[in-house]
Amino acid sequence: MTGHDSASGRETGEGTRAVRAGLPEPVKYEPTLPGPVFAAHFHLPGEPTGPYTYGRDENPTWTLLERAIGELEAPGQRTETVVLASGMAAISAVALSQLRAGDVAVFPDDGYQALPLLHDQLAAYGVEVRTAPTGGNGQLRVLDGAKLLWIETPSNPGLDVCDIRELAARAHAAGALVAVDNTLATPLGQRPLTLGADFSVASDTKGMTGHGDLLLGHVTVTDPALAASVRRWRKIVGAIPGPMEAWLAHRSLATLQLRNDRQCATALTLAHALSERPEVSGLRYPGLPGDPSHRVASLQMRRYGSVVSFQLPGRDDAERFLGGLRLVDDATSFGGVRSTAERRGRWGGDAVPEGFIRFSVGAEDPEDLVADVLHALDGLGPAGTGATA
């Protein structure tokens, strides 16, 4: 599929693409989405010239999912997607397949909290790692001589945004490849490849699949040589997804637009409600007109995501707020149909205040969710206590 209606020649809508992405041609008496293929090996008489030889290399269930993701990442363009066992597997596959001893890599200093683990590993391999803030296109200041520029926008958990077009253009002019972690936005919110990136990377554990019941990641590119290098790395380290996970992910893509529309709309509603509360400070959501990232986000994002971040006066306030919620689970990760929230500082990997909350908006009725949040805030008392247990 190309993302176009062959009868009319026009580009199909996002919902239609999500529902039909990656489906094989109809075969009488066969299911519209074939079930998962569980196979370590395949019948292979003679020379191994077919597409499926061994389960670590390829699997028909992966193929359909990879095709589906590619159709969402860049409709109408030729893409290649590689699915991997997790988001970190996808991130590591890009970095470790492209970088060599003596190379320079530029990462955000406010990105996903597991990135420093990758930085340490790269440094152990002789790669120079530089970091700078996402906001204000801060990474441009340390780009000189880089082989790879890694962008995370919006950043997790602070929700800063950088200009992908400008960073990609400057990086390419300097001879660097550009990878964008698009986990928070999903391809319905932002298309990094059409904005100039070489790699669009995501943890599909989160918004892409949206049910919090599987681990998966992907890398999508337009350059077959880059795809081959990532695929080779997947083979070497064996970071492959199980066929059941791949099938569940493909099934879940059908509701991506429906989930995304509800979650993003409710996130904006919740952000507006939080903006009126005296206990709340440091509120961030790129969809708010007053957010520092709104202008740049509006130039490159079609949806602003399902995550809202804010601060309460102290650790104790944050814990009591989370304990007072009834429709929201105190859990990590984001992008699921059930709302979750957490005091992000409990992990120790993010430079955030003790009262910092990352809130992932689910698919509940917005009136119910906002009422639950406001009730939990009311339980803190006048403007919170500020205690730091």
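Placing +1 on the Cβ of every Lys and Arg and -1 on the Cβ of every Asp and Glu, with nothing else charged, gives segment 231-374 a dipole about its Cα centre of roughly 1060 debye. Extension gain for residue 78 to residue 27 (0.36 nm times residue separation, less C-alpha to C-alpha distance): 15.9 nm. Surface listing: 235, 206, 147, 28 arranged by accessible area from highest to lowest gives 28, 235, 147, 206, probe 1.4 Å.
Orientation-averaged projection of segment 44-91 equals 4.3 nm² [convex hull of Cα atoms, one quarter of hull surface area].
With a simple spin-label model that places each label point 7 Å from the Cα along the Cα-to-Cβ direction, the separation between residue 56 and residue 38 comes to 2.1 nm. When the surface is traced with a 1.4 Å probe over the full set of protein chains, residue 240 keeps roughly 50 Å² accessible.
Summed over the residues of segment 23-99 and divided among them, the accessible surface reaches 52 Å² per residue at a probe radius of 1.4 Å. The 1.4 Å probe gives accessible areas that order 130, 234, largest first, as 130, 234. Note on residue 272 and residue 100: with the Förster distance fixed at 41 Å, the Cβ-Cβ geometry gives a FRET efficiency of about 0.25.
Using +1 at the C-beta of Lys and Arg and -1 at the C-beta of Asp and Glu, which of 218, 382, 51 has the Cα lying farthest in the positive direction of the dipole of the chain? Projecting each Cα onto the dipole axis, the largest value belongs to 51. Ligands, DNA and RNA are left out, and with a 1.4 angstrom probe the accessible area of segment 125-264 is 33 Å² per residue. Each of the chymotrypsin sites (Phe, Trp or Tyr not before Pro) that DSSP puts in a loop and that has at most 14 other Cβ atoms within 10 Å breaks the chain; the longest unbroken stretch is 126-389.
Computed from the Cα positions only, the extents of segment 167-248 along the three principal axes stand at 42, 31, 15 Å, in decreasing order. Rolled with a 1.4 Å probe across the full set of protein chains, the surface gives residue 277 an accessible area near 50 Å². With a simple spin-label model that places each label point 7 Å from the Cα along the Cα-to-Cβ direction, the separation between residue 351 and residue 173 comes to 2.7 nm. Mean residue ellipticity, 222 nm, helices only, the chain: the sum of -39500 (n - 2.57) across DSSP H runs of n ≥ 4, divided by residue count and rounded to 500, is -10000 deg cm²/dmol.
Heavy-atom surface analysis with a 1.4 Å probe gives the chain a carbon and sulfur content of 54 percent of its accessible area. Taking Rh as the Kirkwood radius computed over C-alpha pairs, what is the Stokes-Einstein D of segment 68-198 at 10 °C in a medium of viscosity 1.306 mPa s, expressed in µm² per second? My calculation gives 107 µm²/s for D. Counting every C-alpha pair in segment 14-63, the share spaced more than 12 angstrom apart comes to 70%.
Counting only DSSP beta bridges whose two residues both lie in the chain, roughly 55 percent are antiparallel.
The charge dipole of the chain, taken about its Cα centre with unit charges on the Cβ of Lys, Arg, Asp and Glu (plus for the first two, minus for the last two), comes to roughly 640 debye.
The values are calculated or read from the model by the stated rules, or taken from the named source; none is laboratory data. From a predicted model like this one, the values you see are computed outputs, not experimental measurements. All Cβ positions, even for glycine, are placed from backbone atoms using ideal geometry, and neighbour counts span all protein chains on display. What goes into the accessible areas is simple: the full protein's heavy atoms, side chains included, and nothing from ligands, DNA or RNA. Shrake-Rupley method; radii C 1.70, N 1.55, O 1.52, S 1.80 Å.
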